[in-house]
């Protein structure tokens, strides 16, 4: 089966369990490049109603270290159009930086 | 999110760690007209979709959500599909309306009482008192004194009779605190309760309420020491009692140097 050019997931990534690491490992197998979006502190507090123990930069750094994660980006929306723009920009920033 | 006809409002979240911003935002929404509910994402949803493992169980997080001012009901959510969330919210709202209606029905008993030591008051004690209040129009707490506890357990409680009574008297559902002294019998307890009742009250409208763990012990006194009053038993979850019990909290207090040490630590941190 042909792999997608890239795929991504979005989440809070405050406490990263083995379940979450396994999910990323499995999901990343379906694409050549895999990105992870991390919800901003503001979004996590105001929209998801929980206070992250690590700030967004710390969470970003933690996710960067995970296996099979090629690029990371901050997310502060669930609006489809805005999300598409964010993801596409992050992907092309990664490609251009390579 | 407010229904167009203003029936009820709700929001959905993780509710693992709460901060001032979250509390203010929720209470501002909840304080508007109409009943308000909070949907709490299940732990599985948090891990699989939101990509974070919550530190607290779903039950704990729902308790946090319920503790916010003006929140009337809580429900669990395992989806981010808008229609499915809405359906869950509507179902929870309807259950809330049923509970509200049941609460307005006349209570089964006119007067009820619970007996206990209430040493280091905790959520389990409160739950028992709330269950008693659901059954009875008026609730009394019969408090075992220091002397009685020492006689039965050969050790003093961590808090004095006066300290324990002060906490209980402050509780809204508790009408008054009566005392079970070293020489108080079951019949004495009935006599003390009757002093607070209408002299014409039917004794069957007075109920002694115990947890199911005491059923074997107290059942034998129905019709004898408990005379003509009713006796009721409320369910106690043995698994839950392992962590929500006086023994559990007292062990934690003792491991940290005792209640006075914990209280002085709390005073220092508040300063």
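Kirkwood Rh and Cα-based Rg: tell me the resulting Rg over Rh for chain B, rounded to two decimals. Show your work: numbers first, answer last.
Numbers: Rg = 21.9 Å, Rh = 21.5 Å.
Reported Rg/Rh, Kirkwood definition of Rh: 1.02.
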Cβ neighbours within 10 Å from other chains - mean over B:22-34: 1
- line: Rounded to 0.05, the calculated FRET efficiency for the beta carbons of residue B:155 and residue B:122 at R₀ = 22 Å is 0.70
task: Take the Cα coordinates of the stretch B:109-253, assign each an equal point scatterer, and use the Debye formula without solvent to give log10 I(q)/I(0) at q = 0.11, 0.13, 0.16, 0.22 Å⁻¹.
output: -0.39, -0.56, -0.87, -1.67
query: At residue A:67 and residue A:5, where each label point lies 7 Å from the Cα along Cα→Cβ, what is the point-to-point distance in nanometres?
result: 2.8 nm
query: Tell me, what is the percent relative contact order of the stretch B:9-102, built from C-alpha pairs under 8 Å that lie six or more residues apart?
result: 31 percent
query: How would you rank B:216-224, B:85-93, highest first, on the average number of other Cβ atoms within 10 Å across their residues?
result: B:85-93, B:216-224
task: Would you calculate the separation in nanometres between label points at residue B:60 and residue B:196, each defined as 7 Å from the Cα along the Cα-to-beta-carbon direction?
output: 3.5 nm
- line: Placing one equal point scatterer on each C-alpha of the stretch A:4-97 and summing with Debye, one gets log10 I(q)/I(0) at q = 0.11, 0.18 Å⁻¹ equal to -0.29, -0.80
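Across peptide A:13-23, how many C-beta atoms of other chains are within 10 Å of each residue C-beta, on average?
4
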field: Peptides B:33-43, B:245-255, B:117-127 ordered by average Cβ neighbours within 10 Å, highest first
entry: B:33-43, B:117-127, B:245-255
Overall dimensions of the stretch B:9-102 as given by Cα atoms, namely Rg and Dmax in Å: 12.9, 40
statement: Expressed as a whole number, the average count of other chain Cβ atoms within 10 Å around the Cβ atoms of B:40-46 is 2
- prompt: With no solvent and one point on each alpha carbon, what is the Debye value of log10 I(q)/I(0) for the stretch B:25-160 at q = 0.09, 0.11, 0.13 Å⁻¹?
  reply: -0.44, -0.63, -0.79
Shape parameters for the protein assembly as shown, alpha-carbon atoms, Rg then Dmax in Å: 27.0, 89
message: 7 Å from Cα along Cα→Cβ at both residue B:76 and residue B:170: what's the point-to-point distance in nm?
response: 3.3 nm
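Which of rounded, prolate, oblate describes the stretch B:38-91, given a ≥ b ≥ c as roots of the alpha-carbon gyration tensor eigenvalues and a/c under 1.5 marking rounded, otherwise prolate only if a/b is larger than b/c? Write down the numbers at each step before the final one.
Numbers: a/c = 2.66, a/b = 1.09, b/c = 2.43.
Oblate, because a/c is 1.5 or more while a/b does not exceed b/c.
We did not get these values from a lab; they are worked out from the coordinates using the rules stated. For clarity, every value in this text was computed on a predicted model and none was experimentally measured. Every residue, glycine among them, receives a Cβ derived from its backbone with ideal geometry; neighbour counts consider all protein chains shown.
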